[in-house]
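Notes follow once the structure below has been shown.
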Amino acid sequence: AQSVAQPEDQVNVAEGNPLTVKCTYSVSGNPYLFWYVQYPNRGLQFLLKYITGDNLVKGSYGFEAEFNKSQTSFHLKKPSALVSDSALYFCAVFSGTYKYIFGTGTRLKVLA
Amino acid sequence: GAGVSQSPRYKVAKRGQDVALRCDPISGHVSLFWYQQALGQGPEFLTYFQNEAQLDKSGLPSDRFFAERPEGSVSTLKIQRTQQEDSAVYLCASSPRVPHSGYTFGSGTRLTVV
């Protein structure tokens, strides 16, 4: 069965420092991987996706993610964190062709 | 509209009451999804429509849950005889096509059953 794991419930980082939010996956076949962000009382917003091609995927708001097949990871990164990046981040994988399997989420807190 | 619109934003229901949650997807989006997000959890798939056809309802937790999209645009998720465990945020998402694209999610309806 397809699954994703986000091992950290919360990540704290100082503004201006690089941030990493971790995600590992378990899939059969080629993985289709996604990151979404959720601000309070808002829906999920798409950040980026990996389908195939370059292992480094660039997305919205300066975020990027690195696909690592050998480590079955898809960590979200940003070179310099902003206070406004504070939110809940979800990693997801497609199960089949349309159904997301989401991780439990990681709360990112960027400290001024 | 510019985004996926859900109503109401908040709903408090007494246990045993029936509720109806509405989703207005982006115009022209063929695919529509419902997800349930319990407190502190990631969203979980409920059901999928392609136009008016409900192609997958495997995630609906019980026969008290029913979804429809009769004209291939607006969708309604109905929960009969609500229970406390139904308390969650219900998210609707739409997409112009299925696979491999990022979906546009609505802000959700927060249902609290008391």
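The values are calculated or read from the model by the stated rules, or taken from the named source; none is laboratory data. No experiment lies behind these values; they were computed from the predicted model shown. Note that each Cβ is placed from the backbone with ideal geometry, even for glycine, and that neighbours are counted across all protein chains shown. SASA here: full protein model, heavy atoms, side chains in, ligands and nucleic acids out. Shrake-Rupley method; radii C 1.70, N 1.55, O 1.52, S 1.80 Å.
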Original post:
Which fully enclosed strands (runs of 3 or more DSSP E) of the stretch B:1-58 have 2 or more residues being in contact with a Leu (Cβ under 6 Å, 6 or more places away or on another chain)?
Top reply: B:31-37, B:44-50
Original post:
Just to be sure, is residue B:73 open to solvent by less than 60 Å² (accessible area, probe 1.4 Å) and part of a loop (DSSP other than H, G, I, E, B)?
Top reply: yes
Subject >> Odd one out for residue B:69 among (1) within 14 Å of chain A (Cβ to nearest Cβ); (2) in contact with a Ser or Thr (Cβ under 9 Å, 6 or more places away or on another chain) >> reply: (1)
Subject >> Unique match (being part of a loop (DSSP other than H, G, I, E, B) and at pLDDT 95 or above) among A:53, A:16, A:29 >> reply: A:16
Original post:
Tell me, which strands (runs of 3 or more DSSP E) wholly within the stretch A:60-107 include 3 or more residues that are more than 22 Å from residue A:30 (Cα to Cα)?
Top reply: A:87-95
Subject >> Whichever residue in the stretch B:75-103 is away from chain A (no Cβ under 14 Å) and more than 11 Å from the chain's Cα centre (by Cα) and, among such residues, is nearest to residue B:40 (Cα to Cα) >> reply: B:87
Subject >> Close pairs (9 angstrom Cβ cut-off, 6 or more residues apart or separate chains): more than 22 Å from residue A:16 (Cβ to Cβ) in the stretch A:51-72, open to solvent by less than 50 Å² (accessible area, probe 1.4 Å) and acidic (Asp, Glu) anywhere >> reply: A:57/A:64
**OP:** Quick one: count up the residues across the stretch B:76-92 that are outside any strand (DSSP E or B), open to solvent by less than 80 Å² (accessible area, probe 1.4 Å) and not polar (S, T, N, Q).
**Re:** 1
Original post:
How about the stretch A:18-41: which of its residues are closer than 15 Å to residue A:108 by Cβ and either under 15 Å from the mean Cα position of the chain (by Cα) or facing chain B (nearest Cβ under 10 Å) (or both)?
Top reply: A:18, A:19, A:20, A:21, A:22, A:23, A:35, A:36, A:37, A:38, A:39
**OP:** Please state which one of A:41, A:30, A:12, A:17 is open to solvent by 50 Å² or more (accessible area, probe 1.4 Å) and at positive phi.
**Re:** A:41
